[in-house]
Amino acid sequence: MTDLHERYAASVMNTFGPPKLVLARGEGAHVWDTDGNEYVDLLGGIAVNALGHAHPAIVDAVTSQLGTLGHISNFFTSAPQVELAEKLLALLGVEAGEGKVFFTNSGTEANEAAFKLTRRTGRTHVVVAEGSFHGRTMGALALTSKEAYRTPFEPLPGDVTFVPYGDADALAAAVSDRTAAILLEPIQGEAGVVVPPDDYLAGARSVADEHGALLWLDEVQSGIGRTGDWFAHLRTGVRPDVVTVAKGLGGGFPIGACIGLGDAGTLLEPGNHGTTFGGNPVACAAALAVIRTIEEDDLLEHVTVLGHKLRDGLAADPRVAEVRGEGLFVGLDLTADLSAEVAAAALRAGFIVNNATPRRIRLAPPLVLTEDDVNAFLAAWPAILDEVF
Ligand SMILES: *Cc1c(COP(=O)(O)O)cnc(C)c1O
């Protein structure tokens, strides 16, 4: 299918570099390219395909909702929208009325909404972490740490302080009475699945409380079952003021949400923000199908058990320096800067993985990944490394 590669190069903006494959179809955690080669998808569309590819629950929910009522604008609402808002609040462990949801179409838009929400405190200063990724639109980009992403687009919205991730003292030193919000990923995704010390979020909560700042957790990548919990922060017992989600929420159908808990849920007032597509019935029906399937198929338990097996298996090779993560959110450091070569060798062997940094491999497979898929990958893993090391 060189033809499609050439046509892509001629017609699609070159923001992503050349595509690695032209994919034709998928089922479960497997995808096939246009030449009929099969791959185990251990990246899941970057933590998006929670139920894998072509899951009947999503297909049915989307087709039946689209055949009934597809789009209505936010002058109106629909049952799926209200049900999803209620469900997200329940999954966050808050009572009805103790939080409110703004729906978007993507992660960066969820963060834009949250960023605007923080401005409604009357303060502008935001403290974020080095290694963070919060999106590519101008606001979210201002909160994203990688300079190569930011510099070409400056000036960006200002008053942002970056602190080393996981360092509670540095965080405490950066926050003051003029800080609107502390923004953190509970586990950093784009940085290669970086897990902070156990008490880091609790520390952030108390620093935020001390200064009257909001604690905003970006669960765009870590949320919706990825870590074996509905949200990665839940196991810490910390209650944030704002949570943003997207990626896994729609299982491949674009949807995101900015969730304000307690008083943060009422900071955005009529006229402060809006969206045409956000919260449309089809996207909400897809998300409800994802959540229902995770519940009915006991996928949180599955993710926890399979995640242990996957991480333990990967860590057994001496060319792996460290394996991090929770559930099926996995980062591993190689003993050398060879992650691009390892990802390419994995692809040749029929496994899609991501080289997050020169030394780090990231895995975020569908939550429906099977034990057979894991066994196949672990069996192939030493030979993949042999090709490169
Ligand atoms: C991917 C990601 C985003 C941006 O989401 P998009 O849907 O790509 O706009 C924001 N925050 C985190 C933590 C992410 O992983």
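The values are calculated or read from the model by the stated rules, or taken from the named source; none is laboratory data. Everything numeric in this text was worked out from a predicted model, so none of it was measured. Because the Cβ atoms are built from the backbone with ideal geometry, glycine has one as well, and the counts that use them run over all protein chains shown.
For THR144, state whether it is free of Cβ contacts under 8 Å to residues at least 40 places away in the same chain and within 15 Å of the ligand (Cβ to nearest atom). Taking the combined requirement at face value, the residue satisfies it.
Here's the yes/no breakdown for (1) in the same structural domain as PHE103 (by TED's automatic domain parsing); (2) touching a helix residue (DSSP H, G or I) at 6+ places or on another chain (Cβ under 7 Å); (3) not basic (Lys, Arg):
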residue	(1), (2), (3)
ALA287	yes, yes, yes
LEU306	no, yes, yes
ASP337	no, no, yes
ALA349	no, yes, yes
VAL353	no, yes, yes
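When LEU43 is tested against (1) within 30 Å of LEU21 (Cβ to Cβ); (2) in contact with a Gly (Cβ under 9 Å, 6 or more places away or on another chain); (3) among the aliphatic types (A, V, I, L, M); (4) within 16 Å of the ligand (Cβ to nearest atom), only condition (2) is not met. When the residues of segment 98-120 are filtered to those that are within 16 Å of PRO254 (Cα to Cα) and aromatic (Phe, Trp, Tyr), the one that is farthest from the ligand (Cβ to nearest atom) is PHE102. For segment 46-56, the candidate set comprises residues that are away from the ligand (no atom under 16 Å from the Cβ) and of a type in the set (Gly, Ala, Ser); within that set, the residue that is nearest to VAL368 (Cα to Cα) is GLY52. If I filter segment 200-215 for residues that are over 22 Å from VAL330 (Cα atoms), within 20 Å of the chain's Cα centre (by Cα) and within 16 Å of the ligand (Cβ to nearest atom), do I get at least one hit? So far as segment 200-215 goes, yes, one or more of its residues are over 22 Å from VAL330 (Cα atoms), within 20 Å of the chain's Cα centre (by Cα) and within 16 Å of the ligand (Cβ to nearest atom). For segment 202-210, state whether one or more residues are buried (at least 24 other Cβ atoms within 10 Å of the Cβ) and assigned to a loop (DSSP other than H, G, I, E, B). No; the residues of segment 202-210 include none that is buried (at least 24 other Cβ atoms within 10 Å of the Cβ) and assigned to a loop (DSSP other than H, G, I, E, B). Restricting segment 91-150 to residues that are farther than 18 Å from SER222 by Cβ and aromatic (Phe, Trp, Tyr), the residue that is surrounded by the fewest Cβ atoms within 10 Å (Cβ to Cβ) is TYR149. Just so you know, in segment 121-138 the residues that are of a type in the set (Ser, Thr, Tyr) and more than 14 Å from the ligand (Cβ to nearest atom) include one that is farthest from ASP169 (Cα to Cα), and it is THR121. When the residues of segment 140-191 are filtered to those that are in a loop (DSSP other than H, G, I, E, B) and among the charged types (D, E, K, R), the one that is nearest to ILE46 (Cα to Cα) is GLU190. For ALA180, the conditions (1) more than 25 Å from GLY122 (Cβ to Cβ); (2) over 15 Å from the mean Cα position of the chain (by Cα); (3) small (Gly, Ala, Ser) are fulfilled apart from (1). In segment 225-241, the condition of being within 12 Å of the ligand (Cβ to nearest atom), buried (at least 24 other Cβ atoms within 10 Å of the Cβ) and β-branched (Val, Ile, Thr) is met by no residue.
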